[in-house]
1. For segment 1-45, which positions are at pLDDT below 80, charged (D, E, K, R) and under 22 Å from Asp61 (Cβ atoms)?
2. Looking only at segment 1-18, count how many residues are part of a helix (DSSP H, G or I) and either among the acidic types (Asp, Glu) or farther than 23 Å from Val75 by Cβ (or both).
3. Could you tell me how many of the residues in segment 46-65 are surrounded by fewer than 17 Cβ atoms within 10 Å (Cβ to Cβ) and not β-branched (Val, Ile, Thr)?
4. Restrict the check to segment 10-28 and report whether at least one residue is surrounded by 13 or more Cβ atoms within 10 Å (Cβ to Cβ) and within 22 Å of Asp96 (Cβ to Cβ).
5. Would you be able to say whether some residue in segment 96-107 is of a type in the set (Lys, Arg) and under 15 Å from the mean Cα position of the chain (by Cα)?
6. Before we move on, is Phe88 surrounded by 10 or more Cβ atoms within 10 Å (Cβ to Cβ) and of a type outside the set (Asp, Glu)?
7. Restricting the first residue to segment 6-29 and requiring it to be without any contact (Cβ under 8 Å) to a residue 60 or more places away in the chain and charged (D, E, K, R), which pairs with a second residue that is assigned to a helix (DSSP H, G or I) and surrounded by fewer than 15 Cβ atoms within 10 Å (Cβ to Cβ) meet a Cβ separation below 8 Å and a spacing of at least six or different chains?
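The values are calculated or read from the model by the stated rules, or taken from the named source; none is laboratory data. For clarity, every value in this text was computed on a predicted model and none was experimentally measured. We place every Cβ from the backbone using ideal geometry, glycine too, and count neighbours over all the protein chains shown.
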Amino acid sequence: MSTYVSKEIRAELDAARIATLKKASRLRVEMGDNTYKILKLWKDGFTVEAETTPRLRGLVDIFDGANHLYQCLIVADEDEGGEMRYEFKRSTAAHDSAPLDFFRAPDAPIALLGHDD
C-alpha cells in the first residue's frame, strides 16, 4: 500500500484544515492597523495562515476577541503546511491598569468620601 498523496490533494487537505482552524479561533494578532487571525497559540509562539498573512516581524499585540492578552516581540520560524509559525522573543501579559509603585493593602478603601458641614 502506498502513502503517496499528490500535491493537489495535499493542498486541498491543508486548505480545509486551515479553514477549520480559522472558524474555531477567536484569537488575532495586530501589527499596526492590520489584524490577522491566529490559527494556534502556545506558550512560545503562534501560527497564522501563510497565504493571506504577510511576513510579520517585531512588536505585535495578541487579542482574544476584545481582550488584550499579550504584547510580544516575534520572529518568523518556518512555513509548514500552509501555516506560518512565529516564535516569541519576548511576551508580556497585558494589564488593564498601570502597575503600582507602592504597596496597597487589600483592605484599603477604594475612595475617600467627604462630608458636608
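1. Listed by number, the list holds a single entry, Lys22.
2. 11
3. Taking segment 46-65 as the starting set, the residues that turn out to be surrounded by fewer than 17 Cβ atoms within 10 Å (Cβ to Cβ) are 51-52, 54-55, 57-59, 61, 64-65.
If we keep only those that are not β-branched (Val, Ile, Thr) too, we end up with 51, 54-55, 57-59, 61, 64-65.
The total comes to 9.
4. Looking through segment 10-28, at least one residue is surrounded by 13 or more Cβ atoms within 10 Å (Cβ to Cβ) and within 22 Å of Asp96 (Cβ to Cβ).
5. Step one: filter segment 96-107 for residues of a type in the set (Lys, Arg), giving 104.
Still in the running and under 15 Å from the mean Cα position of the chain (by Cα): none.
The answer is no, given that none of the residues of segment 96-107 is of a type in the set (Lys, Arg) and under 15 Å from the mean Cα position of the chain (by Cα).
6. Details: surrounded by 10 or more Cβ atoms within 10 Å (Cβ to Cβ): yes; of a type outside the set (Asp, Glu): yes.
Taking the combined requirement at face value, the residue satisfies it.
7. That search, which allows pairs on different chains as well, returns nothing.
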